[in-house]
Amino acid sequence: QLTLVESGGGLVQPGGSLRLSCATSGFTLNYYAIGWFRQAPGKEREGLSCFSSSDGSVYYADSVKGRFTISRDNAKNTVYLQMNRLKPEDTAVYYCAAAPRRRCVDGFYDYWGQGTQVTVSS
């Protein structure tokens with residue numbers, strides 16, 4: 001059974017920081033790509049970042065580049081998203097997803113977590 005569970009969301013003031021965790025089980029993290037996504041009410045799902053285990057490449061959306069950082073701890077089977085200098089427009093439900101083919105390609109994400117709410121407000 002392959003599962004992903006996001007945690008770490010919450011309420012934070014503009015300019016603040018949060019670290020999201022994606023705890024995985026049922027598979028070897030090193031052989032999957034793990035991506036972070038978000039979806040705000042009335043908006044399309046947005047890809048934010050991805051770690052590709054095929055070659056170690058890391059990708060960031062322009063909207064979060066320089067503010068968000070993806071990392072992983074293989075021993076803990078966990079991927080993190082460090083979010084700094086948060087803005088109200090970052091408010092969304094954040095999801096992690098796994099791509100069994102190890103590459104950060106939209107159609108490759110077959111497994112998704114339940115999401116964690118991030119609210120950026122004063």
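The values are calculated or read from the model by the stated rules, or taken from the named source; none is laboratory data. Quick caveat: nothing in here was measured; it's all calculated off a predicted structure. Glycine gets a Cβ as well: all are built from the backbone with ideal geometry, and neighbour counts include every protein chain shown. Protein only, heavy atoms only, side chains kept; ligands, DNA and RNA dropped before computing areas. Shrake-Rupley method; radii C 1.70, N 1.55, O 1.52, S 1.80 Å.
Table for the structure above
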quantity	calculated
Any hit, the stretch 10-19, residues being under 16 Å from Gly113 (Cα atoms) and in contact with a Ser or Thr (Cβ under 6 Å, 6 or more places away or on another chain)	no
Contacts under 8 angstrom Cβ, first residue in the stretch 100-116 being touching a residue at least 24 places away in the same chain (Cβ under 8 Å) and of a type in the set (D, E, K, R), partner in a loop (DSSP other than H, G, I, E, B) and crowded, with 18+ Cβ neighbours inside 10 Å, 6 or more apart	Arg102/Tyr32; Arg102/Ser52; Arg102/Ser53; Arg103/Ser52
Cβ-Cβ under 7 Å pairs, at least 6 apart or on other chains, the stretch 50-61 side more than 12 Å from Arg101 (Cα to Cα), far side open to solvent by 20 Å² or more (accessible area, probe 1.4 Å) and hydroxyl-bearing (Ser, Thr, Tyr)	Cys50/Tyr59
Spans of strands (runs of 3 or more DSSP E) in the stretch 17-122 with at least 3 residues touching a strand residue (DSSP E or B) at 6+ places or on another chain (Cβ under 8 Å) and hydrophobic (A, V, I, L, M, F, W, C)	18-25, 33-39, 46-51, 78-83, 92-99
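Each row is one residue, and each column tells you yes or no for (1) at pLDDT below 95; (2) small (Gly, Ala, Ser); (3) open to solvent by less than 50 Å² (accessible area, probe 1.4 Å).
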residue: Glu46; (1), (2), (3): no, no, no
residue: Ser49; (1), (2), (3): no, yes, yes
residue: Ser54; (1), (2), (3): yes, yes, no
residue: Ser57; (1), (2), (3): yes, yes, yes
residue: Ala61; (1), (2), (3): no, yes, yes
residue: Lys76; (1), (2), (3): yes, no, no
residue: Leu81; (1), (2), (3): no, no, yes
residue: Leu86; (1), (2), (3): no, no, yes
